[in-house]
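The values are calculated or read from the model by the stated rules, or taken from the named source; none is laboratory data. Given the structure is predicted, the values throughout are model-derived calculations rather than measurements. Neighbour counts are summed over all protein chains in view; Cβ atoms, including those assigned to glycine, are modelled from backbone coordinates with ideal geometry. Only protein heavy atoms, including side chains, enter the accessible area calculation; ligands, DNA and RNA are left aside. Shrake-Rupley method; radii C 1.70, N 1.55, O 1.52, S 1.80 Å.
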Amino acid sequence: MRTIAFAILMVIGLHVQGQEQEGQGIIKTNPFGWFAGQFQFGYEHFLSEKLSVQVMPGVIFSNTTVTQSDSLFFLESFDATRLGFIVVPEVRYYLGDVAPDGLYIAPFGRFRTVTTTVDQDDASTRKRTSIGGGFVLGYQYQLANGLTGELFLGPQFKSSNTEYTGDFELYEDLSLDDTEDTGIRFGLTIGIGR
């Protein structure tokens, strides 16, 4: 219920803010990230007809499960909480007519830090910090009443550092996490503005 109320308030907030930024930029969010516990809201500001800058900060919050082996065949599960933040700045060059419509290419930077804490053992944590960048090829489309939709895809390269406290190294984290040095950045955003 709180998630639905939060989503409604954010949409109302996006609508009000979008009206204040008419003609200068777009306020955006990644709705698929919400289901993964990554709540990002950003702003794209137009510098010229073909060039813009965007920053997408966000909070990461989700519950996960970690396991610990008691014997050769038995795994015991424990609840854990993930909490952190992410920020992705980028510069966009639109290959089409005028920003924010059409195909674009965008180099980006990326900083993400997430701490996973075992709920039954608060002293056992893992803090993973990643810094990197890459570029994406994307397409943004203006819909009616200032609404926008966009898709993007491209390679990303990063360096990660992991720190453990307590007995976290004895647990196995079954969730997909940010461990690889290379990967694909893709997504969909919706926004309002202009």
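Counting the residues of the stretch 22-60 that are open to solvent by 50 Å² or more (accessible area, probe 1.4 Å) and either at positive phi or touching a residue at least 60 places away in the same chain (Cβ under 8 Å) (or both) gives 3.
What about LYS28, is it of a type in the set (Lys, Arg) and under 17 Å from ILE190 (Cβ atoms)? Yes, satisfied. Say whether the condition of being in contact (Cβ under 8 Å) with a residue 40 or more places away in the chain, surrounded by 13 or more Cβ atoms within 10 Å (Cβ to Cβ), of a type in the set (Val, Ile, Thr) and in contact with a helix residue (DSSP H, G or I) (Cβ under 7 Å, 6 or more places away or on another chain) is met by at least one residue in the stretch 63-77. No; the residues of the stretch 63-77 include none that is in contact (Cβ under 8 Å) with a residue 40 or more places away in the chain, surrounded by 13 or more Cβ atoms within 10 Å (Cβ to Cβ), of a type in the set (Val, Ile, Thr) and in contact with a helix residue (DSSP H, G or I) (Cβ under 7 Å, 6 or more places away or on another chain).
For the stretch 173-185, the set of residues classified as assigned to a strand (DSSP E or B) and either at pLDDT below 75 or surrounded by 12 or more Cβ atoms within 10 Å (Cβ to Cβ) (or both) consists of ASP173, GLY183, ARG185, listed by residue number.
Could you go through the stretch 129-143 and let me know if any residue there is more than 30 Å from SER48 (Cβ to Cβ) and either outside any loop (DSSP other than H, G, I, E, B) or acidic (Asp, Glu) (or both). Yes, the stretch 129-143 has at least one match. Within the stretch 93-106, identify whether any single residue is open to solvent by less than 30 Å² (accessible area, probe 1.4 Å), under 22 Å from ILE190 (Cβ atoms) and within 15 Å of the chain's Cα centre (by Cα), and answer yes or no. There is no residue in the stretch 93-106 that is open to solvent by less than 30 Å² (accessible area, probe 1.4 Å), under 22 Å from ILE190 (Cβ atoms) and within 15 Å of the chain's Cα centre (by Cα).
Counting the residues of the stretch 129-146 that are open to solvent by 80 Å² or more (accessible area, probe 1.4 Å) and either closer than 14 Å to PHE186 by Cβ or touching a helix residue (DSSP H, G or I) at 6+ places or on another chain (Cβ under 9 Å) (or both) gives 3. Of the residues making up the stretch 25-66, those that are of a type in the set (Lys, Arg) and touching an Asp or Glu at 6+ places or on another chain (Cβ under 7 Å) number 1.
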